[in-house]
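A short write-up of the structure that comes next.
The values are calculated or read from the model by the stated rules, or taken from the named source; none is laboratory data. Just so you know, these numbers come straight off a predicted model, no measurement behind them. Ideal geometry is used to build each Cβ from the backbone, glycine not excepted, and the neighbour counts take in all protein chains shown.
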Amino acid sequence: MRGYLCLGSNLGDRLGFIRQAIEGLRGHGAGILALSGIYETLPVGTALPQENYYNLVALVEWGGTPLELLRAAAAVEDSLGRRRPYPNAPRTIDIDILLLEGVALRTPELSVPHPRMEERAFVIFPLAEIAPDIALPSGRHILEVMKGFSGDEIVGARTFE
């Protein structure tokens, strides 16, 4: 099945952690079919000061179940030193499953489509870059959803090499 993942980092070598996470996902059997550029964004959902995030969206091909993909993503996060001391804490890497073809799932472990993806510019802008024709879970076109953001959250963008 094909799907979209969002990768983000705001600790240490942010770009390096994203590169390592992509390689880690490949090592767990995910085929990486497309990558957006890197979007530098302000931290969301925290009152504590943090560094800006680097975010990108990846189109992946996955041969296992959604929960196996979640476990693979968690293993990559753990291997790169991800810690979870409190909600929205700074992180070396964060890998979120956004969408999986033909999958609608709500469990205590995993919700697909991601329940807050349409509220986050750091998801919508890179997703629109690699999937400009996609209809989102709400039924709205991604470009329509993009128009609802002020753009203030995104402070920079560049290609991913």
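On the stretch given as segment 71-97, residues that are part of a helix (DSSP H, G or I) and either touching a residue at least 40 places away in the same chain (Cβ under 8 Å) or over 18 Å from Arg26 (Cβ atoms) (or both) total 6.
For segment 41-63, what are the residues that are modelled with pLDDT under 95, on the phi < 0 side of the Ramachandran plot and surrounded by fewer than 23 Cβ atoms within 10 Å (Cβ to Cβ)?
Answer for segment 41-63, where residues must be modelled with pLDDT under 95, on the phi < 0 side of the Ramachandran plot and surrounded by fewer than 23 Cβ atoms within 10 Å (Cβ to Cβ): Leu42, Pro43, Val44, Thr46, Ala47, Leu48, Pro49, Gln50, Glu51, Asn52.
I want to confirm something. Restricting to segment 113-161 and keeping residues that are part of a strand (DSSP E or B) and touching a residue at least 60 places away in the same chain (Cβ under 8 Å), which single residue is surrounded by the most Cβ atoms within 10 Å (Cβ to Cβ)? Among those residues, the one meeting the criterion is Ile154.
Name the residue, out of Glu109, Glu77, that is surrounded by fewer than 18 Cβ atoms within 10 Å (Cβ to Cβ) and on the phi < 0 side of the Ramachandran plot.
Numbers: Glu77 fails: surrounded by fewer than 18 Cβ atoms within 10 Å (Cβ to Cβ).
Of Glu109, Glu77, the one residue that is surrounded by fewer than 18 Cβ atoms within 10 Å (Cβ to Cβ) and on the phi < 0 side of the Ramachandran plot is Glu109.
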